[in-house]
Amino acid sequence: MKLIFPFIALCIICTNMNAQTPPNVPKEALRIFPALQNMHGYAVGHYNQCVLIIGGRTQSDVPELYAGDFPNLEMILIDLNQRRATAFGTGNLEGVLGEHLAATGMAYYQHEHLLYLVGGYGYSDSQCRFITFPYLTVIDLKATIPALLAGQNPVAHFYQISDKRMALFDATFDYNGDEFFIINGKYAYKLNPFEDTPTYHKENRTGEGHTFRLQQKEHQIDFKDFKSWYDLRDLEDYYGPLLPERIERAIHSSNKGNQ
């Protein structure tokens, strides 16, 4: 596997400075890699003055030639100390792991040096269609970032589990120090995407949620105490002050939208 430096795989440099800046991306990272201003739907991890950008899409600045956005097929590593950006192609990661890391709209949460990625929407080579990925992937940033900087394969520091309940994109995901919470979001797929009449299906999962813990044995992870909720008011009543603030805000927003 090969690291590319300087980063050239995403060559479109953003000129739209009015794009919204994600709150967890340092302004310095945007100055080092301004193309982020033209990207959306990506996940972000932080470790030791490095920012790791995963998945998402980049907008085309030549719409007369290219319709729609392009998937980001790179893990972009922005080193704030060295003021440089490097990239690692997710296509070099075999199978569903590489597909998942190129998804858009993954829910993500970082706890200490572990970055948790859930779901997301994108193209699956293995299924020859666009899907909502049913995966939870855990990235050990403490080990992955040094491996990327050394040009090494980081796959040993990734952990992945498949479960159809994780097939969500644009969901709200958080952690209270004991349990994970994921609520709302959407589910979609597109069949025969390269034909003249593709079939597209989308479902809104607003008002639904899941809670779970994770347990790890060697290089495998699994769910523990998994529970699904089909009325978020029940979830709120059950957890009360134990709800993460972000989940609580999303529940209140959903309740207002349903009134």
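Observations
- Whole-number percent relative contact order across the chain, with pairs defined as alpha carbons under 8 Å at least 6 apart: 12 percent
- About the centre of its Cα atoms, the chain shows a dipole size close to 360 debye [charges on the beta carbon of Lys, Arg (+1) and Asp, Glu (-1) only; nearest 20 debye].
- R0 of 22 Å, Cβ-Cβ distance Lys164-Asn192: FRET efficiency to nearest 0.05: 0.50
- Among His157, His113, Tyr175 the positive-end extreme of the charge dipole of the stretch 103-183 (Cβ point charges): His157
- Calculated [222 nm] ellipticity per residue, helices only, for the chain: -4500 deg cm²/dmol; basis is -39500 (n - 2.57) per DSSP H run with n ≥ 4, divided by all residues, nearest 500.
- Top positive-direction residue, dipole computed over the chain with Cβ charges, set Ala147, Gln127, Asn81: Asn81
- Here the stretch 113-259 is treated with +1 on each Lys and Arg Cβ and -1 on each Asp and Glu Cβ, and its dipole about the Cα centre works out to around 180 debye.
- Label reach from Ser126 (point 7 Å along Cα→C-beta): in the stretch 186-230, amide nitrogens under 16 Å belong to 221.
- Of the chymotrypsin sites (Phe, Trp or Tyr not before Pro) found in the stretch 161-246, the ones in coil according to DSSP and having at most 15 other Cβ atoms within 10 Å of their Cβ are Phe194, Tyr230.
- Considering the chain at the alpha-carbon level, its Rg and Dmax are found to be 18.4, 54 Å.
- Debye log10 I(q)/I(0) at q = 0.19 Å⁻¹ for the stretch 102-189, Cα point scatterers: -0.89
- Full extension of the chain segment joining Thr199 with His252 gains 15.7 nm, where the gain is 0.36 nm per residue of separation less the Cα-Cα distance.
- Separation of the alpha carbons by more than 23 angstrom is noted, of Lys142/Lys227; Lys164/Lys227; Lys186/Lys227; Lys164/Lys202; Lys202/Lys224, for Lys142/Lys227; Lys202/Lys224.
- Additional length obtainable on full extension of the chain from Asp234 to Asn92, 0.36 nm per residue less Cα span: 46.8 nm
- Peptide ranges 47-58, 107-118 listed from the most packed, as the mean C-beta count within 10 angstrom indicates: 47-58, 107-118
None of the figures in this text is laboratory data; all of them are computed from the coordinates on show. Keep in mind that what you see is a predicted model, and the values were worked out from it rather than measured. With ideal geometry, Cβ positions are generated from the backbone for all residues, glycine too; neighbour counts draw on all protein chains shown.
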